Amino acid sequence: MLTSQDSSMPENEKGILARFIAWFSYWSVRWIPDSMVFVIVLTIIAYLMALSLTQHGPIQLVDDWVKGFWTLLTFAMQMCMLMITAFAVADSKPIKNAIRKLVDIPKTRNGTMLMFLYVSVILWWAHWGIGLMLSIIMAREIAVRKRGLGIHYPGLCAMSYVGILVCNGPSQAAQLLVATPGHFLEKVTGVIPLTDTIFEPHLLLTVLILVITLPLIMLAALPRKEHVVEVSDEMVQLFTAGESVVDEHKEEFTPAEKWDRSPVLVLIIGLVGFAWVLNFIWTKGIGKLDLNTLNFTFFILGLLLHRTPRSFVGSVQRGTSTVYGVIIQFPLYAGIFGMISFSGLAEIIAKWFVAISTAHTFPWIVYIYSGILDMFVPSAGSKFVIEAPYIIPAAKELGANVPYVINAYTFGSICFNLIQPFWALPVMGAFKLGFQEILPYSFVACIWGFIVISFGLLVLPLLF
């Protein structure tokens with residue numbers, strides 16, 4: 001059994017798929033720049049398309065761009081809160097301690113991996129941010145605590161990411177956005193509750209199939225025991241390094257420092273907020289959740305789990321590093337939205353979609369289109385702002401089910417994210433691996449996801 005971090009595939013296991021993965025990894029690293037580059041390129045493309053296809057002139061289109069630039073500040077803040085509060089919950093000591101106890105239950109390699117995968121995919125569905133963070137934490141614990149069982153380190157790391165395939169759940173931006181009163185498409189779609197999108201029976205059945213089958217396929221994809229590469233001594237040392245304690249052993253604290261470490265105020269605010277959340281769910285039901293309510297729920301959970309202002313604020317400070325892309329790129333996406341919407345380009349593109357679709361096939365076509373565009377704009381929330389102004393009117397003109405279309409849009413983003421390195425960056429950083437070492441497994445998950453999701457979009461609606 002190998003113990004170095006050299007995860008190159010043995011020659012006798014290399015084939016067409018492995019060679020394709022190696023080529024794809026090389027190509028993506030060499031040719032795909034940062035997402036900031038893509039949003040600038042898309043801005044230029046949208047401008048040129050509107051200039052050539054609409055009646056708006058060059059100056060008027062700049063006015064449209066600037067007019068749209070600040071229209072999504074509320075949505076951008078909601079997305080930042082979604083990511084930061086999820087990080088704070090996952091980063092709390094009670095959650096980390098529970099993970100360690102859970103990891104110790106199975107005693108075999110297959111049992112450990114199946115436990116990890118099933119827990120991971122369920123967490124990803126419940127909240128993609130929590131699923132991502134807790135999967136990373138759990139995988140690191142498994143790498144250390146189950147060393148010697150023959151658990152392939154690159155495969156384990158990849159397994160913490162493939163759960164993204166099933167995250168079409170209550171934390172998805174597009175569905176939460178249209179469920180939030182006052183959203184930017186309300187005049188077109190109205191307010192669409194989660195019962196019509198996230199909790200729609202066809203979507204739930206598709207997700208259930210993925211939840212049941214994906215862990216089994218991923219387990220089968222792991223290499224044979226003689227080719228296993230376990231976690232290295234260096235990584236074990238990194239994973240087990242204690243968290244720094246700056247001044248916890250001081251004999252005396254100032255009054256200000258005592259308040260920073262006191263759970264009293266947090267407990268008061270947290271219990272009141274938690275009571276409100278329980279009352280909301282009891283009286284209105286989980287289907288009435290929107291972005292604001294979900295963010296408030298995880299904000300309160302984060303406070304209660306961290307117990308003190310100092311711990312909570314420290315976690316939030318660490319979590320803010322995950323949202324820089326949203327802060328700086330959302331105004332540019334909003335500018336694209338402005339040019340597409342105010343110039344009339346949205347109506348023109350909508351007619352293109354209508355020309356190649358039927359009411360039945362339109363959700364699947366949106367799924368494919370969304371997946372392709374995701375290779376360049378790897379954010380479902382950001383991309384929805386660009387696509388929605390023309391795919392939703394096209395759906396209405398065709399008589400397609402709008403909630404189906406929104407679900408299909410999200411599936412396109414999350415499925416093709418498996419072969420795009422943007423959302424894998426936290427995993428790569430946590431485990432010190434390159435995307436090419438994760439891609440063999442995420443590519444298999446993407447292919448399986450394409451099959452199941454296509455079945456869910458094209459076949460299931462014909463059955464019931």
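The values are calculated or read from the model by the stated rules, or taken from the named source; none is laboratory data. Nothing here was measured: the structure is a model prediction, and the numbers come from that model. Neighbour counts run over all protein chains shown; Cβ positions are idealised from the backbone, glycine included.
Structural remarks
- For segment 318-359, residues that are polar (S, T, N, Q) and at pLDDT 85 or above total 3.
- Residue match in segment 140-160 (condition: among the aliphatic types (A, V, I, L, M), part of a helix (DSSP H, G or I) and in contact with a Pro (Cβ under 9 Å, 6 or more places away or on another chain)): yes
- Lone unmet requirement of (1) at pLDDT 90 or above; (2) β-branched (Val, Ile, Thr); (3) in a helix (DSSP H, G or I) for Ile192: (3)
- Residues of segment 133-153 satisfying the condition of being small (Gly, Ala, Ser) and buried (at least 24 other Cβ atoms within 10 Å of the Cβ): Ser135, Ala139
- For segment 88-101, the condition holds for at least one residue, the condition being that it is in a helix (DSSP H, G or I) and in contact with a Gly (Cβ under 7 Å, 6 or more places away or on another chain).
- Qualifying residue in segment 137-156 (condition: closer than 26 Å to Gly381 by Cα and without any contact (Cβ under 8 Å) to a residue 40 or more places away in the chain): no
- Residues in segment 114-136 that are over 16 Å from Ile217 (Cβ atoms) and within 9 Å of the chain's Cα centre (by Cα): His127, Trp128, Gly129, Gly131, Leu132.
- Matching option when the condition is surrounded by 15 or more Cβ atoms within 10 Å (Cβ to Cβ) and of a type in the set (A, V, I, L, M), among Leu278, Leu294, Leu267: Leu294
- Ile269 vs. criteria under 20 Å from Arg307 (Cα atoms) and either modelled with pLDDT of 85 or more or of a type in the set (Asp, Glu) (or both): yes
- Scanning segment 34-63 for residues that are at pLDDT 70 or above and within 16 Å of Leu373 (Cα to Cα) yields Met36, Val37, Phe38, Val39, Ile40, Val41, Leu42, Thr43, Ile44, Ile45, Ala46.
- Residue list for segment 327-350, filter: in contact with a Phe, Trp or Tyr (Cβ under 6 Å, 6 or more places away or on another chain) and surrounded by 20 or more Cβ atoms within 10 Å (Cβ to Cβ): Ala334, Gly335, Gly338, Met339, Ala346, Ala350
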